[in-house]
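J.: The following block contains the structure, expressed as structure tokens.
Every number in this text was worked out from the coordinates using simple rules, so none of it is lab data. From a predicted model like this one, the values you see are computed outputs, not experimental measurements. All Cβ positions, glycine included, derive from the backbone under ideal geometry; neighbour counts span all protein chains shown.
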Amino acid sequence: MTIEGKLERRLLWSDDQGYERARRDAVWNGRKPPRRPAGIVLAQDTADVAAAVRLARERGLQVSVRAGGHSTSAAGVREGALLIDVSRLTSIDVEARAGTAVVGPGVLGQDLDLTLDPLGLFFPHGHCSTVAVGGFLLGGGLGWNWRAYGPGCGLVRAVEVVTADGEVVRADESQNSDLYWAARGAGPGFFGVVTAFHLEMQPKPAVIKAAAHNYPLAARGELLNWLHEIRHEMAPTVDQALCVTQHVTHSPDGPTMLLGTVAFADSEREADDALALFANSPLREKAIWGDDGTTVGSVQHLTGVDDLYPAGLRYAHDNIMSSATASALVPALEAALTSLPTPRSHVNWQNLAGVPELPDMAFSLLGDTLIEVVAVGDDPKQDAQLQAWVTDHARQLEPVAIGSQIGADSMASRGLGPDSYFSAAALSRLKIIRDRWDPAHRFVSFLLGSDTV
Ligand SMILES: Cc1cc2nc3c(=O)[nH]c(=O)nc-3n(C[C@H](O)[C@H](O)[C@H](O)COP(=O)(O)OP(=O)(O)OC[C@H]3O[C@@H](n4cnc5c(N)ncnc54)[C@H](O)[C@@H]3O)c2cc1C
């Protein structure tokens, strides 16, 4: 039987019924790219993925991949490529005694958590519950409790990969170690399809306690300077994100600053100690309102990030990582903070300081602070204006940036190259490994401005 015959109705060419739906569904963002893959394979398992890669070779097509579809720039949807959709590879096999799990790339963070939680286990998946592990882990993955665990890809012990030859291989420390190195951070530049991640689980934190303080925008100078000053003082088991927005706080007078902090601790006492820094902040009396700490049963109850990012809306997103001083960073943000284009648009400031030293892997760039600039609309007519706002303000941050986190739109919209995502040494190693595993460049690479059509 031909490969096409084996794939049956799971293969959709561009004139097949169901193609357009699959093309649009491949992208979580309400903004769908005009790019049209030659075909889409709705893979059910590793065998389908391998068959799809062999079909692409036979037809002389490039290959692109999507898992949860959260790439804001829709990096998986490429003109003329064969798109392998791995969102149906959703198995989770937990080996509780060994503290490991083998997880398909289409597994959503929320489903991983729901499986692990009753077993007393935890994995730092993305803060938005519908981000899939596929793109999240390949791009590094800054998930819950990231300052303690480091990026999620550092907890990947092995990957199963369908290579550009259509072969299924395992890559880990001792076999195909260069491919393993690349799978931990190459993001949309990865040159294979990961069909399973072997993950090292963590014990579920005994206490998860969240605090929130809403500050007026007028206090931004003091608050940002203070957050920067205490970035190393925060316990390493505290996630801190400051979101400047109008939507989440429903403030009638424009945007405010919601400081969200979550402590992952062994006891209530330890959590309270970690959050005391925020409850006793010198700025606390300026807060419009505050909750100094509420214990939740699991991260599933922390829905603030999901509230920021409902599906179906139209997003433009960019980010920078910075290790600049507050005196450089805070003024650089002023224009963005005071010109949010819609009530749901926002700027996030997250503390990355104190993340454990990175192991040797493709994910190689990490600053002290992650700044995200996000415009959110619901009208296609606003898209160009919102994208321009994001691009302009991300550009204004470039003088204080050391690079960006993969998953942003920076290369496509700011006209940058992949050097904004990696250390120079990691990027040159990545190119060498790509040439070894995918010499014909069967797999598309990073989405550049010239690809966006
Ligand atoms: C609302 C929202 C919240 C987010 N929150 C976080 C967060 O808390 N922390 C964080 O670190 N990031 C976060 N991100 C960024 C997110 O991790 C990246 O966009 C990631 O790529 C999404 O993964 P995905 O599988 O859903 O996306 P996809 O668009 O499916 O994947 C992105 C790219 O990864 C590659 N890819 C995916 N799966 C595979 C595979 N199995 N094999 C080979 N290549 C593959 C493809 O090149 C694909 O184009 C968030 C993004 C959004 C939109």
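J.: Between the helical axis of 268-279 and the dominant principal axis of the chain, each derived from Cα atoms, what acute angle in degrees is found, rounded to the nearest 10?
T.: 70 degrees
J.: Over the stretch 34-130, what is the percentage of antiparallel beta bridges among all DSSP beta bridges, to the nearest 5?
T.: Numbers: 4 of 12 bridges.
If I count the DSSP bridges inside the stretch 34-130, around 35 percent turn out antiparallel.
J.: Label points 7 Å out from Cα along the Cβ direction at residue 419 and residue 338: separation in nm?
T.: Label-label distance for residue 419 and residue 338, simple model: 3.4 nm.
J.: Return the calculated 222 nm mean residue ellipticity for the chain, to the nearest 500 deg cm²/dmol, obtained by summing -39500 (n - 2.57) across DSSP H runs with n ≥ 4 and dividing by the residue count.
T.: Details: 14 runs with 124 residues, N = 453.
Computed ellipticity for the chain at 222 nm equals -7500 deg cm²/dmol.
J.: Another one. If the only charges are +1 at each Lys and Arg Cβ and -1 at each Asp and Glu Cβ, what is the size of the charge dipole of the stretch 92-204 around the Cα centre, to the nearest 20 debye?
T.: So the dipole magnitude of the stretch 92-204 works out to roughly 360 debye.
J.: Using modelled amide H (1.01 Å from N, peptide plane; none on Pro or chain starts), what sits under 5 Å from the amide H of residue 256, excluding residues fewer than 5 places away?
T.: Amide H neighbours of residue 256: 245, 246.
J.: For the stretch 92-204, place one equal point scatterer on every Cα, skip the solvent, and apply the Debye formula. What is log10 of I(q)/I(0) at q = 0.12, 0.14, 0.16, 0.23 Å⁻¹?
T.: After summing over all Cα pairs, the log10 values are -0.36, -0.50, -0.65, -1.33.
J.: Taking only the Cα atoms of the stretch 207-414, how large is their convex hull per residue, in Å³?
T.: 129 Å³
J.: For residue 285 and residue 47, calculate 0.36 nm times their separation in residues minus their Cα-Cα distance, and state this gained length in nm to one decimal.
T.: Extra length available between residue 285 and residue 47 comes to 79.7 nm.
J.: Sort out for me the Cα centre separation of the stretch 376-453 from the stretch 152-184, rounded to whole Å.
T.: Spelled out, the Cα-based centre of one part sits 23 Å from the other.
J.: Want the number for residue 294 to residue 102: 0.36 nm per residue separation, take away the alpha-carbon distance, what's left?
T.: Numbers: separation 192, 0.36 × 192 = 69.12 nm, distance 3.27 nm.
Working it through step by step, the gained length comes to 65.9 nm.
J.: Explain nothing, just compute: Karplus ³J(HN,Hα) = 6.51 cos²θ - 1.76 cosθ + 1.60, θ = phi - 60°, for every residue of the stretch 250-259 in order, whole Hz, x for Gly and Pro.
T.: My calculation for the stretch 250-259 gives 6, 6, x, 9, x, x, 10, 10, 9, 9 Hz in order.
J.: Add +1 for every Lys or Arg and -1 for every Asp or Glu among the other residues with Cβ under 12 Å from the Cβ of residue 57, and state the total.
T.: -1
J.: Over the C-alpha atoms of the chain, what are the Rg and the largest Cα-to-Cα span, Dmax, in Å?
T.: 21.5, 73
J.: Next up: Under 5 Å between amide H atoms, partner at least 5 residues away or on a different chain: which partners does residue 204 have, H built in plane at 1.01 Å?
T.: 121, 122
J.: Moving on to the next point. Of 208, 28, 140, which is farthest along the charge dipole of the chain in the positive direction, counting Lys and Arg as +1 and Asp and Glu as -1 at C-beta?
T.: 28
J.: If I take every Cα pair under 8 Å that is 6 or more residues apart in the chain, average their sequence separation and divide by the length, what percent do I get for the relative contact order?
T.: Averaging sequence separation for qualifying contacts and normalising by length gives 16 percent for the chain.
J.: Identify all lysines with a Cα-Cα distance to residue 32 below 23 Å; exclude those on the same chain that are fewer than 8 residues away in sequence.
T.: Within the straight-line limit of under 23 Å, residue 32 reaches these lysines: 381.
J.: Step through the residues of the stretch 320-332 one at a time and calculate ³J(HN,Hα) from phi using the Karplus curve (6.51 cos²θ - 1.76 cosθ + 1.60, θ = phi - 60°), rounding each to whole Hz and writing x for Gly and Pro.
T.: 9, 9, 9, 10, 6, 6, 4, 5, 8, 6, 5, x, 5
J.: What are the aspartates and glutamates whose alpha-carbon lies under 15 Å from the alpha-carbon of residue 286, with same-chain residues fewer than 8 places away excluded?
T.: Of all the aspartates and glutamates, those that pass the test against residue 286 - Cα under 15 Å, at least 8 places apart if same chain - are 222.
J.: Suppose each label sits 7 Å from its Cα in the direction of the beta carbon; what would the residue 301-residue 323 distance come out to in nanometres?
T.: Simple spin-label model gives 3.8 nm for this pair.
J.: What longest range of the chain stays clear of loop-exposed GluC sites (Glu not before Pro) (DSSP non-H/G/I/E/B, at most 13 other C-beta within 10 angstrom)?
T.: The reported range is 1-166.
J.: Convert each backbone phi in the stretch 172-184 into a coupling constant with the Karplus relation 6.51 cos²θ - 1.76 cosθ + 1.60 (shift: θ = phi - 60°), then list the ³J(HN,Hα) values in order as whole Hz, x for Gly and Pro.
T.: For the stretch 172-184, the Karplus curve yields 8, 4, 9, 10, 6, 5, 5, 5, 4, 4, 5, 5, 9 Hz.
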